[in-house]
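Asker: Pasting in a structure now, in structure tokens, and then I'll have a few things to ask.
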Amino acid sequence: MKWPAKKISTSHGATNTKLILRHRFLTRVTHWSWAICLFFLLLSGLQIFNAHPVLYIGDQSGFDFSNRILEIGANYKTGTGFIDLFGIRLDTTGFLGISKTNGFDSARAFPAWLTLPSGQDLAGGRRVHFFFAWFFVFTLLIWLVSGLVNGHIRKDLIPGGQDLRSLKADFLNHIKLKFYHTAQYVSIQKLTYGIILFVVFPIIILSGLAMSPGFNAIFPGITEIFGGRQTARTVHFLFMFILSGFFIIHMIMILAAGPINLVRSIVTGRYRIEASPKSTGGSSDE
Amino acid sequence: MNNINITRRRLLGTTLATGSAIALGGCNRLDPLIQSGHTARTILESASSLSFRVQRWLSSGTSLAREYQRSDIRQQQHANGTISPRDVDYLNLASNQFSDYSLKVNGLVGNELSLDLDTLRKLPARAQITRHDCVEGWSCIGEWTGVQLSTILEMAKPHPEARFAVFDCFDTMERGLSGSVKYYESIDMVDAMHSQTILAYGLNQKTLPVANGAPLRLRVERQLGYKHAKYVKSITLVATLKDIARGNGGYWEDRGYAWYAGI
Ligand code: HEM
């Protein structure tokens, strides 16, 4: 089946706007699939991290030597929680290290409201994490194959020469929270989504696999590319952080650029743009 | 042109909305779904058999865990779980350097065995420098010396219907009214016959210390630490894991962890 890429379906009362089909069915379904996956993966991942809240560089964890770069912990004497990053220690009582669970102080790296299950439960966290990890991988495969077949990747995501030229202007517009509604992603969106889909997603999956001793025996190279199992764990954590940062900016941008129009577009596919011919040429939209 | 400017209030609102959306998930509302017995939990658990089948298919069961150099051993092997069993039978054996210890092999075998440490040490030995990966997230490299489990199983002549090797251990994990629970674990015959699966009696060129599972502990290099039963007392070959305790094949498995710990 050939899907008409950007079909104009209705024209609207307000003279120079019109509704277009912005997102294909599979773009919408896969988008919600990874929103769900990443929600569960993040919270169960923090649960797993809590079982040993220390990150190292290399193959092994230094108990008798030091290769740790991050630690979250509690000082029982003073009743304070801390994060120690490259030897710089910050007091994080109430949030990291020590936080309230059901009204009582408890010593745990990430607080109960950020983990799944909420109580300390490594087994449960692993069950959730690996289920949604598979779900995530299948979603990405479906997205990749359909995106290559229906042209979404080539037409909507790979930046062209025009995009590279307007990158700076688009970037400044986004910083100023100034948005234009046009049919296509603007350059800064292509770049951000492209990096998330082609760089961040694959790296977070591969660094996860690199931690699996079974997978490590099958493809030793994957673990070595990351510089050892413990570095892979650190990379996995770092990319979780990057994705969370993307998520927050993503939400701010959508709220700022007109959430009703945009959320409708990623749910139903319909998106309202300016019909004025002038707006289609130059720097564009959100 | 229709350009939209954000107000500070709206930005604050966004941030709060995002934060509370995350908090909503972490709150205990989703917890019941993850509790054992819930249908959702059963669905989540299906991912583990998928991981198992895919890894077995990719490795055809024979891939080797990476082996390291002596120079990679930078510290004592980190000890976890039981590190000093208090069981009387164990303490009696330990007081005598385990000279009265013998490993029992039984179940679906043609030839039941009882092997003391001297006999085990005289069998062909294998030494391997491997990385121990704990389910908690840490790793530690050490050199393990022992006898391949395949050597022992060949001596015991397994029946064709034997599918799993079950390890019963000396160390008590819980004491309750209905008696105490000692550690137990199981692996299937593919892992049992794998060349790196050994019963170790040596660590870093010395006798295996009590903290790391003396006198004998299992090494299943392609899986996480809880599979590597310490303080092994006997090995029983069985056709199914259903009849072992709560039926999931191990102490931690009966408490929610996956039987396949290759991930
Ligand atoms: C962690 C969760 C999320 C991730 C990783 C994510 C990622 C992405 C990616 C990669 C795209 C581009 C999709 C493509 O072109 O194939 C996208 C688009 C979009 N996302 Fe998300 N998203 C997440 C959550 C959300 C949520 C919760 C909302 C709703 C409030 C949302 C609303 C949108 C919208 C409206 C677009 C289209 C933007 C446009 O048409 O200009 N996303 N997202």
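Asker: For chain A, the longest stretch holding no chymotrypsin sites (Phe, Trp or Tyr not before Pro) located in a DSSP loop with at most 12 other Cβ atoms within 10 Å is which?
Answerer: Counting only loop sites that pass the neighbour cut-off, the longest clear stretch is A:87-286.
Asker: I'd like the FRET efficiency for B:GLU174 and A:VAL145, computed as 1/(1 + (r/R0)^6) with the beta carbon distance as r and R0 of 51 Å, rounded to 0.05.
Answerer: Rounded to the nearest 0.05, the efficiency is 0.55.
Asker: A further question follows. What part of the accessible area of the range A:54-109, given as a whole %, is carbon or sulfur when the probe is 1.4 angstrom?
Answerer: Percent of accessible area from carbon and sulfur atoms in the range A:54-109: 60.
Asker: Aspartates and glutamates near A:LYS176 by alpha-carbon distance under 15 Å, same-chain residues fewer than 8 away left out - which ones?
Answerer: A:ASP285, A:GLU286
Asker: Longer than 26 Å from Cα to Cα, which of B:LYS157/B:LYS227; B:LYS157/B:LYS242; A:LYS18/A:LYS190; A:LYS100/B:LYS230; B:LYS206/B:LYS242; A:LYS18/A:LYS168 are they? Say none if no pair is.
Answerer: In this structure, A:LYS100/B:LYS230; B:LYS206/B:LYS242; A:LYS18/A:LYS168 exceed 26 Å between Cα atoms.
Asker: Only protein chains counted, 1.4 angstrom probe. Which residues of the range A:143-189 are at least 20 Å² less accessible in the assembly than when their chain is isolated?
Answerer: SASA drop of 20 Å² or more in the range A:143-189: A:LEU177, A:LYS178, A:PHE179, A:TYR180, A:HIS181.
Asker: Something else now. Counting Lys +1, Arg +1, Asp -1, Glu -1, what net charge surrounds B:GLY213 among other residues with beta carbon under 13 Å of its beta carbon?
Answerer: Neighbour charge sum, excluding B:GLY213 itself: +3.
Asker: In the range B:213-245, which residues have a backbone nitrogen under 18 Å from the label point lying 7 Å from B:ASP116's Cα in the Cα-to-Cβ direction?
Answerer: Only B:215-216, B:233-234 pass the distance filter.
Asker: Then there is this: In Å² (nearest 100), what accessible area is buried between A and B, both sides summed, heavy protein atoms only, 1.4 Å probe?
Answerer: Answer for the A-B pair: about 5300 Å² buried.
Asker: Have a look at A:SER212, A:LEU191, A:ILE222 and report the one farthest towards the positive end of the charge dipole of the range A:167-286, computed about the Cα centre with Cβ charges (Lys/Arg +1, Asp/Glu -1).
Answerer: So the residue furthest toward the plus end is A:LEU191.
Asker: Would you mind counting up the charge near B:SER95? Only other residues with Cβ under 15 Å from its Cβ, with Lys and Arg at +1 and Asp and Glu at -1.
Answerer: -2
Asker: Also, I was wondering about something else. If I model the range B:65-252 as equal point scatterers sitting on the Cα atoms and use the Debye formula, what is log10 I(q)/I(0) at q = 0.09, 0.14, 0.16, 0.20 Å⁻¹?
Answerer: -0.30, -0.76, -1.01, -1.60
Asker: So, one more: Compute the projected area of the convex hull of the Cα atoms of chain A, averaged over all viewing directions, and report it in nm² to one decimal place.
Answerer: The directionally averaged projection comes out at 19.1 nm².
Asker: Here's a follow-up. Give the value in nm², to one decimal: projected area of the alpha carbon convex hull of the protein assembly as shown, averaged over all directions.
Answerer: If you wrap the Cα atoms of the protein assembly as shown in a convex hull and average its projections, you get 30.6 nm².
Asker: Just to be sure I understand the model, the point goes 7 Å from the Cα along the line to the Cβ. What's the resulting B:ASN96 to A:ALA107 distance in nm?
Answerer: According to this spin-label approximation, the distance is 4.1 nm.
Asker: Loop only per DSSP, at most 11 neighbouring Cβ atoms within 10 Å: give me the trypsin sites (Lys or Arg not before Pro) in the range A:9-102, ordered by residue number.
Answerer: Those satisfying the criteria are A:LYS77.
Asker: On average, how much accessible surface per residue is there in the range B:65-252, in Å², for a 1.4 Å probe, leaving out ligands, DNA and RNA?
Answerer: Result: 42 Å² per residue.
Asker: Skip the ligands, DNA and RNA, and give the accessible area per residue of chain A with a 1.4 Å probe, whole Å².
Answerer: Result: 47 Å² of accessible area for each residue.
The values are calculated or read from the model by the stated rules, or taken from the named source; none is laboratory data. Everything numeric here is computed off the predicted structure, so don't read it as measured data. Because the Cβ atoms are built from the backbone with ideal geometry, glycine has one as well, and the counts that use them run over all protein chains shown. For the accessible areas, the whole protein counts, side chains as well, though only heavy atoms, and no ligand, DNA or RNA atoms are used. Shrake-Rupley method; radii C 1.70, N 1.55, O 1.52, S 1.80 Å.
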